[in-house]
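Below you'll find the structure, written out as structure tokens, and then a few comments.
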2 protein chains.
Amino acid sequence: MTDDRKNSIGFVETRTIRVVEADAPLQLQCGKRLGPIDVAYETCGKRTPEGDNVVLICHALSGNAHVAGYHGPDDRKPGWWDMMVGPGKAIDTDKYFVICSNVLGGISGTTGPSSINPATGRRYGLDFPIITIADMVKVQKLLLDKLGVRQLLTAVGGSMGGMQVLQWAIAYPDFVKSAMVVASTTRLSAQAIAFDAVGRNAILADGYFNHGQYHDQDHGPDRGLAIARMIGHITYLSEESMRDKFGRNLRSSDRYGYDFNSEFSVETYLDYQGQTFVERFDANCYLYITKAMDYFDLERQYGSVAEALAGTKARFLVASFTSDWLFTAAQAEEIVDALVTGGKDVSYCSIHSPYGHDAFLLEPKTLGAVLSGFLDGTYAKLHPVERENSRPQPPPTVFHFRRIDQARRARVDYELIDSLIEPASRVLDVGCGDGELLAKLIRDKNIRGEGIELDQELVVRSIQRGLSVIHRDIERGLHQYAADSFDYAILSQTLQTVKDPEKVFRELLRVANRVIISFPNFAHWACRLQLLWQGRAPRTRQLPFRWYDSPNIHCLSLKDFDRFCEESGARVEKRIPLGKSRLTPVRFMPNLFAAQAVYVTSRNGGRAPSCIPAASKSRL
Amino acid sequence: MTDDRKNSIGFVETRTIRVVEADAPLQLQCGKRLGPIDVAYETCGKRTPEGDNVVLICHALSGNAHVAGYHGPDDRKPGWWDMMVGPGKAIDTDKYFVICSNVLGGISGTTGPSSINPATGRRYGLDFPIITIADMVKVQKLLLDKLGVRQLLTAVGGSMGGMQVLQWAIAYPDFVKSAMVVASTTRLSAQAIAFDAVGRNAILADGYFNHGQYHDQDHGPDRGLAIARMIGHITYLSEESMRDKFGRNLRSSDRYGYDFNSEFSVETYLDYQGQTFVERFDANCYLYITKAMDYFDLERQYGSVAEALAGTKARFLVASFTSDWLFTAAQAEEIVDALVTGGKDVSYCSIHSPYGHDAFLLEPKTLGAVLSGFLDGTYAKLHPVERENSRPQPPPTVFHFRRIDQARRARVDYELIDSLIEPASRVLDVGCGDGELLAKLIRDKNIRGEGIELDQELVVRSIQRGLSVIHRDIERGLHQYAADSFDYAILSQTLQTVKDPEKVFRELLRVANRVIISFPNFAHWACRLQLLWQGRAPRTRQLPFRWYDSPNIHCLSLKDFDRFCEESGARVEKRIPLGKSRLTPVRFMPNLFAAQAVYVTSRNGGRAPSCIPAASKSRL
């Protein structure tokens, strides 16, 4: 999983700085005070003179400040996110100045429960106060103040790191320009708390724990800590990845040993994970950090996630992994929904991965594309003058299109839709594909645009264009959007492919003042004649599929849609029947001669229908 | 979760019997010998003079012989499956004679690692030989021999109990008439082994374990055993049920305590579970029984699950629960697939439940309906004379039909399909609904019928009719069936509702010699005229839905299907165009005048098309 040394940032150094003095201790969330506090941190890359390229990386439970590069020529393993951070990598140290610090309560240099308590001269042990994610972030802010950092281009972190990123955006809204929350949540599930609790139990139950004062003993609570780590490790992998990696393989024999030694590969793997963890981590820190994660709960603290995030000003990126069952996609979507509800700028990608929660350390390609696209896009937005030059062009990747040919959609619809949209309006493009239309509208009409897209590759590509796009199936509804969130919603060549067109249409009418919908006309004369004379399911240029492999699971005509609008309480503002390829409206008997149609509809009135009268009562 | 005492079997008694003498020890799978062996067991109900009503219940990890009823008037809790076993209950002790014994290696009376080792006069501890599921079953067989049982009407068990049931069916194929495998698997996943291993680690790491010789100490390995139980307990619940039951609730306060005491409800719940388990269970037994579960692996032992089950003669019922992530539905389906591959008689129900693995103890209604339906059906099959009287009639439940109105299907198709099927043939009814057609064919034509159905309620109802039905979405394919497994496959009014008709049709052609398919004719004159003159998506009696709420996601005509057969390499043996309601074939211009059609098709030849020539080249 580690990159070649040649692509690495090279040698880095951990520095330690005192951010809280003993005589001016820090007020913690638990009510106690703590001081002095030292913080260990590392940096990579160079800060611009304007200080506008600072990226703060927040680490997870067992991470530390050593995020990338090597500590020296004999250092065998690079930092924990070396694959993501370095020259030319997703978080490109040629462009950005990266800071990563060890969290409060951590083991690797920052003050924590195994530090010396100045009041006693002994290690804190269980006398260390309970710390929270908010305390960790407060200490990080003190560090940045010391380093003269005035704003963060982005704060980014996975797992517990993502919790810190959320806390950053909430606590310091003007300081944080963007926030990248990966594989994280606003609060752990009951199941995750349960696993943490059992792990802590194993440590506390270890006979060598001795109230946390085990440092001068021959033995620490190693077996308890190893058991805690084993439990944790099971939850970081997915069932699928465990099956692929170990299955029921035996370590060294093809026969059972009929004893209690570890013999399945998965057992020896866990033994190894437990053992190496004991060598590099500390039982007290494990207790304090897992407790901080358990306590993190934006809903409890603010009443709701939406209220917690209401004051944030950052641009958000949320990413989750499909097989992560510890910090689930559903939890990530709660964050997304709360941000959408608050009208915040948010992108979301649910990355397909078999690696479970650990995917945030194991999916450099897709996650890297998303992070770098979002980061570059954010930088470009903040520097509009340099925009055209600095924004990277999306790579010429080959994509597998689902549902409908996006390329064809572009050729036929885009010009027309562009002409229908008022400048500077708010637009939701549902099924936005690779974001071409949104990008065009932003360029031509200076709209504020958002997209929804089902296909992961297209979502990534949209984010790489600097767009704000949410990865979601529109069939699940748009409940997260408030009524009238948009001036326009666009649904192009998609209505006939969704399972429940009525629900989708009603939702669009709710969230947008005007809904622009296009679809193929099933009552085109060619269809009618094919069915009439040949007695076959029609196939035309607009409806090129065979009956059994068509993505068009509903057949409708202009007339059907007129009636549908009537029944749905929608007003047809514009009704533009189109030929096969030209943009000139079909004016004569459109339900017979139009191959497709574009409608502008609205929920509760608006201008009278223009272009072609909507209420045309021709029997055809 | 416990039933009223009034519905209980009442008082029961645990008896212990010596099944293996010290001087004739039992050969175990690990190669060692063990003797003497005592077995604790309980019985409920009365054995028939023929001994044909014996039900063996196999318990799970922490269960025991006390399956139902009370041990005395002061006994506060009934047996572990009291809700399922008793007079009038799913396993009806008014009809059936129930035996449940404590497993080998268990705690409650059967010989295990905490029994006295006659060789030393001390407890076995870790000197007890490693036992396997096969050893447990061998000992149960010795018990049944002692009790004079000559055959089992059924063996039933959940979780590890299901493993024993599988082993019973394999080891004693003539003895076991039916097998009910609930929430179980042919082998644990890597993840499940991992959880077991960590639990054992916690016990072995406990300072008080003392190589299993802890009985004379003040303390046993209680904390280790409690931790093992806590881990297990998390895996028995689903994330959903934990969220519903505990969420992030605090036990006794609305504020955090900022210490390491258990404060979340889920923590105190786990503490309680761990503590009560320590009071009633034994650490040595936990080690041995989890190891037996880890070792159970029919694929390893026999080469494949199908080979393992090849020699079985029992009728099988497999049941799983949707939210069970320890013994998953996918694992249950592996058993089902292997049985189908071997041409065995198998029913399967994937029961929708939020309760995770524990659902087998918490879903008395649905699971009870399935178990009792299957059990009564099996009894009736073995006693054909009493059949009509003894088979219970399905209750008049109100069902919510999916996809297509089953009732209408019945009225129009059944008589015709009945007339097309040769007596005594093998029939697969795909989308069999409540089993009415299969039941009719069995009654009228003495077929050997099997069904596939997607809707849980309809599956339950089919099983209650005594039919063999598999709960599955046909879109997933029929890979488990060998080619030519059936004389006929029936797909009635369903082809136009599936996503991929081509795949479904090809699969049916593969598994059956003849495929009988019916569908509505989209080129019926009424449809043609509606589209032609009204320019609307047609609505007729056969196609009554609106364009946007139709389950018919594909539109096809007889002509389309003719061509489809041609392209699929299928021969049309019979082509029966039908009117709206009559069974008389439409002979004149069928593609224009038939409202629906029934086709008999085959893969590779057969009789020439009869009824209406298939190759009619009329342009209509």
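Just grab the label-to-label distance for residue A:445 and residue A:7, each label 7 Å out from Cα along the Cβ direction, in nm (one decimal).
Between residue A:445 and residue A:7, the simple spin-label model gives 4.1 nm.
With angles folded into 0 to 90 degrees, how steeply does helix A:283-295 sit against the dominant principal axis of chain A? Use alpha carbons for both and round to 10.
30
So the label point goes 7 Å from the Cα of residue A:259 along Cα→C-beta, right? Which residues of segment B:208-228 then have their backbone N under 19 Å from it?
From segment B:208-228, the list is B:209-213.
Along the positive direction of the dipole of segment A:193-277 (beta-carbon charges: Lys, Arg +1; Asp, Glu -1; about the Cα centre), which of A:225, A:210, A:253 reaches farthest?
Of the options given, the answer is A:253.
Amide H neighbours of residue B:515 under 5 Å, at least 5 residues apart or on other chains, H built in the peptide plane: list them.
When sequence neighbours closer than 5 places are left aside, the close amide H contacts are B:489, B:601, B:602.
Assuming R0 = 25 Å, can you tell me the calculated FRET efficiency for the pair residue B:330 and residue A:479, based on Cβ-Cβ distance, to the nearest 0.05?
0.20
At 1.4 Å probe size, put A:525, B:533 in order of accessible surface, largest to smallest.
From most exposed to least exposed: B:533, A:525.
log10 I(q)/I(0), Debye, Cα-only chain B, no solvent, q = 0.05, 0.07, 0.08, 0.12 Å⁻¹?
Taken in order of the listed q values, log10 I(q)/I(0) reads -0.28, -0.52, -0.65, -1.17.
Ballpark to the nearest 100 Å², how much total accessible area do B and A bury together, probe 1.4 Å?
8000
7 Å along Cα→Cβ for the label point: how many nanometres lie between residue B:250 and each equivalent label in the other copies, listed shortest first?
Label-point separations across copies, in nm and ascending: 5.2.
Rounding to the nearest 10 and keeping the result within 0 to 90°, find how far the Cα-based axis of helix B:265-280 lies from the longest principal axis of chain B.
It is inclined by approximately 60 degrees.
Translational D (Stokes-Einstein, µm²/s) of the protein assembly as shown at 4 °C and 1.567 mPa s when Rh comes from the Kirkwood sum over C-alpha pairs?
After rounding, the answer is 38 µm²/s.
Of the GluC sites (Glu not before Pro) in segment A:1-58, which ones lie in a loop per DSSP and count no more than 15 other C-beta atoms within 10 Å?
A:13, A:21, A:50
So what does residue B:116 come to for accessible area, using a 1.4 Å probe and Å² rounded to 10?
100
Averaged over all directions, how much area does the convex hull of the C-alpha atoms of segment A:179-266 cover when projected, in nm²?
9.4
Taking a 27 Å limit on the Cα-Cα distance, which of the listed pairs B:95/B:291; B:138/B:365; B:313/B:503; A:138/A:177; A:245/B:138; A:46/A:77 fall beyond it?
Check vs 27 Å cut-off fails for B:95/B:291; B:138/B:365; B:313/B:503; A:245/B:138.
Quick one: how many Å² of residue A:146 are accessible to a 1.4 Å probe, rounded to 10?
For residue A:146, the solvent-accessible surface is approximately 110 Å².
Report Rg/Rh for segment B:512-559, rounded to two decimals, where Rg is the Cα radius of gyration and Rh the Kirkwood radius.
Dividing the radius of gyration by the Kirkwood radius yields 1.05.
Can you give the helix-only mean residue ellipticity at 222 nm for chain B, where every DSSP H stretch with n ≥ 4 adds -39500 (n - 2.57) and the sum goes over all residues, rounded to the nearest 500 deg cm²/dmol?
Helix contribution divided over all residues of chain B: -10000 deg cm²/dmol.
Based on alpha-carbon positions alone, could you give the equivalent ellipsoid semi-axes of segment A:407-539 from the gyration tensor, as √(5λ), descending, whole Å?
Each semi-axis is √(5λ); the values are 28, 17, 15 Å.
For residue A:382, go 7 angstrom from Cα along the Cα-to-Cβ vector, then report the distances to that same point in the other copies in nm, smallest first.
So the label point of residue A:382 gives 7.6 nm to the other copies.
log₁₀ I(q)/I(0) of segment B:204-245 at q = 0.31, 0.34 Å⁻¹, via Debye over equal Cα point scatterers, no solvent, to two decimals?
The calculated log intensity ratios at q = 0.31, 0.34 Å⁻¹ are -1.00, -1.08.
Taking a cut-off of 20 Å between Cα atoms, list the aspartates and glutamates near residue B:580, but don't count ones fewer than 8 places away on the same chain.
Filter leaves B:405, B:413, B:415, B:418, B:560.
From zero outward in steps of 5 Å, how is the percent of C-alpha pairs of segment A:1-77 spread across the bins?
3, 11, 15, 19, 19, 13, 10, 6, 3, 0
Count neighbours as other Cβ atoms within 10 Å of each site's Cβ, and list the trypsin sites (Lys or Arg not before Pro) in segment A:262-347 that are DSSP loop with at most 12 such neighbours.
Qualifying residues, ordered by number: none.
Where the label is 7 Å out from Cα toward Cβ, how close does residue A:10 come to the same position in every other copy, in nm, shortest first?
In nanometres, ordered from closest: 9.0.
Quick one: how many Å² of residue A:108 are accessible to a 1.4 Å probe, rounded to 10?
About 50 Å², rounded to the nearest 10.
Kirkwood hydrodynamic radius for segment A:1-144: how many Å is it when counted over pairs of different Cα atoms?
About 16.0 Å for segment A:1-144.
Would you compute the Debye intensity of segment A:204-347 from its alpha-carbon atoms alone, equal scatterers and no solvent, and pass along log10 I(q)/I(0) at q = 0.11, 0.17 Å⁻¹ to two decimals?
Debye output, listed in q order: -0.66, -1.03.
Could you order B:211, A:71 by accessible surface area, starting with the largest, using a probe radius of 1.4 Å?
B:211, A:71
So how tilted is helix B:406-420 from the main axis of chain B? Cα-based, degrees 0 to 90, rounded to 10.
For helix B:406-420, the angle is close to 70 degrees.
The values are calculated or read from the model by the stated rules, or taken from the named source; none is laboratory data. As the structure is a computational prediction, the values presented were derived from the model and not from experiment. Note that each Cβ is placed from the backbone with ideal geometry, even for glycine, and that neighbours are counted across all protein chains shown. Keep in mind that these areas ignore ligands, DNA and RNA; they rest on the heavy atoms of the full protein, side chains included. Shrake-Rupley method; radii C 1.70, N 1.55, O 1.52, S 1.80 Å.
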